[in-house]
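Worksheet: the structure to be examined is printed underneath.
Please treat every number below as a calculation from the coordinates, not as lab data. This is a predicted model, so every value here is computed, not measured. A quick note on method: Cβ atoms are made from the backbone with ideal geometry, for glycine too, and the neighbour counts reach across all protein chains shown.
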Amino acid sequence: MSDDDKNKFPGENNTGHIWDDNLRELLNEPPTWWKIGFHMSWILVVVYTIIYPSWPGLTTHFKGVTGWTAMKELKEDEAALDKIRGPYEAKIKNMTAAEIMADPELSEYAVRSAKVLFGDNCAACHGSGGQGNPGFPALVDDDWLYGGTLADIQTTITGGRKGMMPAHAAMLSDAEVDKLANAIVSGKVASEPLFTEKGCIGCHGADAKGQTFMGSANLTDSIYRFTAKDQLASVKYTIKHGVNDASDPKTRNAEMPTFGGGKLSDTDIKKLAIYVHKLGGGQ
Ligand code: HEC
Ligand code: HEC
């Protein structure tokens, strides 16, 4: 016992705690580089908390000598942006969408700022690039339900759209639905007698190319409003259950929300109409 108690490494600045014969705790000073780092770090903390909002109190906190806040910085950034945007916004406020689009600089401005608006308000349904989603029409092609002129697009965004096609399950046999659906998928429905006999012609038109005033889809171009892996089955479904027909619980729902009436400003709607028109399919 007395042997173990003796410090086997006298004079080397250890604490006297020794394990496994030679593993021992020393009292050396930490290296200089470490001490410099250590002191710099707490000095930095003090300086930082003097400059920026920091120490909490009971009801408020120390505001920092510079008075900086993230909110203030945001407001300053916004003010700087408004300064750049201001003159453009003032100009386009009283112009029509067509006039704005005719001016290269203003039209470029409109498209840039509409990109953000589109992401915030439209992309969830129509896809981030307007490429469409099942049930939500593509905006990049030149196939329009409601027309692709600047004015048509503006009307669509302002007032929303809700096409109506009645369910036909009760008035068509399965064989007739098959016939019509196959004629549509092969692009020849206009010459299918059932198309006229069953009244499809009244809405989709004699050439089956649809009518933009009611949004009745073009049934001849193999571009589908309701896309699906099995397009034939999807067409059959639409014929049977219609679109937005409240009397059929299996009907397709298709509603483009209204963005006018204060949801978006008139200027924002004009910008978006130009943006959509320029996605590729504007007429
Ligand atoms: C909640 C989903 C939804 C949102 C959000 C939405 N749309 Fe739509 N949009 C639709 C649907 C559904 C239709 C098709 C309506 C129909 O079939 O009657 C449509 C139709 C359209 C059309 C007509 C396409 C054509 O072929 O004529 C345009 C243009 C359009 N949307 C633009 C926009 C823009 C721009 C925004 C953003 C400001 C937007 N949409 C936001 C669902 C949406
Ligand atoms: C009362 C008017 C009306 C009648 C009648 C009508 N349709 Fe439609 N149909 C529409 C409208 C409007 C749409 C587009 C709905 C929408 O997208 O909001 C549509 C859409 C469709 C679609 C979907 C096209 C696509 O791109 O996905 C098919 C298929 C279709 N109709 C076939 C028919 C057939 C076949 C008949 C006759 C048996 C018929 N429709 C009768 C108004 C009508």
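Okay, helix-only estimate at 222 nm for the chain: each DSSP H run of n ≥ 4 adds -39500 (n - 2.57), divide by all residues, round to 500 deg cm²/dmol; what do you get?
Helix-only estimate at 222 nm: -14000 deg cm²/dmol.
Ranked highest first by the average count of other Cβ atoms within 10 Å around their residues, in what order do 176-185, 103-112, 43-52 fall?
For the peptides 176-185, 103-112, 43-52, the packing ranking is 176-185, 103-112, 43-52.
In whole Hz, with x marking every Gly and Pro, tabulate ³J(HN,Hα) for segment 240-253 from phi via Karplus 6.51 cos²θ - 1.76 cosθ + 1.60, θ = phi - 60°.
Once rounded to whole Hz, the list reads 5, 10, x, 10, 6, 9, 4, 7, 10, x, 9, 4, 6, 9.
In a GNM of the chain with a 10 Å cut-off on Cα contacts, which of N22, N218, N94 has the highest mean-square fluctuation?
The residue that fluctuates most here is N22.
Could you work out the relative contact order of segment 174-241, using alpha carbon pairs under 8 angstrom and six or more residues apart, expressed as a whole percent?
33 percent
Can you list the aspartates and glutamates whose alpha carbon is less than 17 Å from that of K93, not counting same-chain residues fewer than 8 positions off?
Partners within reach: D82, D103, E105, E108, D266, D268.
So what is log10(I(q)/I(0)) for segment 1-119 at q = 0.13, 0.17, 0.23 1/Å, when the Debye sum runs over its Cα atoms only?
Taken in order of the listed q values, log10 I(q)/I(0) reads -0.82, -0.94, -1.24.
Relative to the longest principal axis of the C-alpha atoms of the chain, give the angle of the C-alpha long axis of helix 266-278, reported between 0 and 90° and rounded to the nearest 10°.
80 degrees
Check the straight Cα-Cα distances from K179 and name the lysines below 20 Å, setting aside those fewer than 8 residues away within the same chain.
K188, K198, K209, K229, K236, K240
So, by mean Cβ neighbours within 10 angstrom, what's the order for 23-31, 252-260 with the highest one leading?
Put in order of decreasing packing, that is 252-260, 23-31.
Cα-Cα pairs above 26 Å in segment 42-177: how many percent?
That tail contains 56 percent of the Cα-Cα pairs.
Which is farthest toward the positive dipole end of segment 174-241 among G215, C203, A190, measuring Cα position about the Cα centre, with Cβ charges +1 (Lys, Arg) and -1 (Asp, Glu)?
G215
Full-extension gain between T227 and W33, please, as 0.36 nm times their residue separation minus the C-alpha to C-alpha distance.
Contour length minus the Cα-Cα distance gives 63.1 nm.
If you take every residue apart from K179 with its C-beta less than 15 Å away from the C-beta of K179, what net charge results, scoring Lys and Arg +1 and Asp and Glu -1?
Its environment carries a net charge of -1.
Taking the Cα centre as origin and putting +1 on Lys and Arg beta-carbons and -1 on Asp and Glu beta-carbons, what dipole magnitude results for segment 174-241, to the nearest 20 debye?
That gives a dipole near 180 debye.
Can you tell me the orientation of helix 70-93 relative to the chain, as the angle in degrees between its alpha-carbon axis and the longest Cα principal axis, to the nearest 10?
Once rounded, the angle reads 30 degrees.
Enter the per residue convex hull volume of segment 82-241, computed from alpha-carbon coordinates, in Å³ rounded to the nearest integer.
123 Å³
How far apart, in nanometres, would the label points at D82 and I51 be if each is projected 7 angstrom from Cα along the Cα-to-Cβ direction?
If labels sit at D82 and I51, their model points lie 2.8 nm apart.
Using only Cα atoms, figure out Rg for segment 174-241 and give it as a multiple of 2.2 N^0.38 Å.
0.99
Rounded to a whole number of µm²/s, how large is the Stokes-Einstein D of segment 155-283 at 4 °C and 1.567 mPa s, given Rh as the Kirkwood radius over C-alpha pairs?
81 µm²/s
With +1 on each Lys and Arg Cβ and -1 on each Asp and Glu Cβ, and nothing else charged, work out how big the dipole of the chain is about its Cα centre, in Debye to the nearest 20.
940 debye
Among G67, G242, G210, determine the one that fluctuates most according to a GNM of the chain built with springs between C-alpha atoms less than 10 Å apart.
Looking only at G67, G242, G210, the biggest GNM fluctuation is shown by G67.
Using Cα pairs under 8 angstrom and six or more residues apart, how large is the relative contact order of the chain, in percent?
About 21 percent, as a whole number.
In segment 117-208, if every C-alpha pair distance is counted and binned at 5 Å from zero, what percent goes to each bin?
3, 11, 16, 20, 16, 13, 12, 7, 2, 0
With just the Cα atoms defining each centre, how far is segment 39-98 from segment 148-226? Give it in Å.
Taking the Cα centre of each part, segment 39-98 and segment 148-226 sit 54 Å apart.
How are the C-alpha pair distances of the chain spread across 5 Å bins, as whole percents from the shortest bin up?
Pairs per bin, as whole percents: 1, 5, 8, 11, 10, 8, 7, 6, 5, 5, 4, 4, 4, 3, 3, 4, 4, 3, 2, 2, 1, 0, 0, 0.
Calculate how steeply helix 104-121 sits against the longest principal axis of the alpha-carbon atoms of the chain, using the helix alpha-carbon long axis, and give the answer as 0 to 90 degrees to the nearest 10.
80 degrees
List the equivalent ellipsoid semi-axes of segment 100-153 in whole Å, largest first, each obtained as the square root of 5λ for an eigenvalue λ of the Cα gyration tensor.
With the √(5λ) rule applied to segment 100-153, the semi-axes are 21, 15, 8 Å.
Taking the mean number of other Cβ atoms within 10 Å as a proxy for protection, how do you rank 113-125, 269-281 from highest to lowest?
Averaged packing, sorted descending, gives the order 269-281, 113-125.
Anyone know which of T15, T158, T196 comes out most mobile in the 10 Å Cα GNM of the chain?
Among T15, T158, T196, the largest GNM mean-square fluctuation belongs to T15.
How charged is the neighbourhood of M256? Take every other residue with its Cβ under 11 Å from the Cβ of M256, and add Lys/Arg as +1 and Asp/Glu as -1.
That sum, taken over residues with Cβ under 11 Å, equals +1.
Which of Y109, P257, T59 sits closest to the plus end of the dipole of the chain, meaning its Cα is farthest towards the positive end, when Lys and Arg get +1 and Asp and Glu get -1 on the C-beta?
Result: P257, furthest along the dipole toward the positive end.
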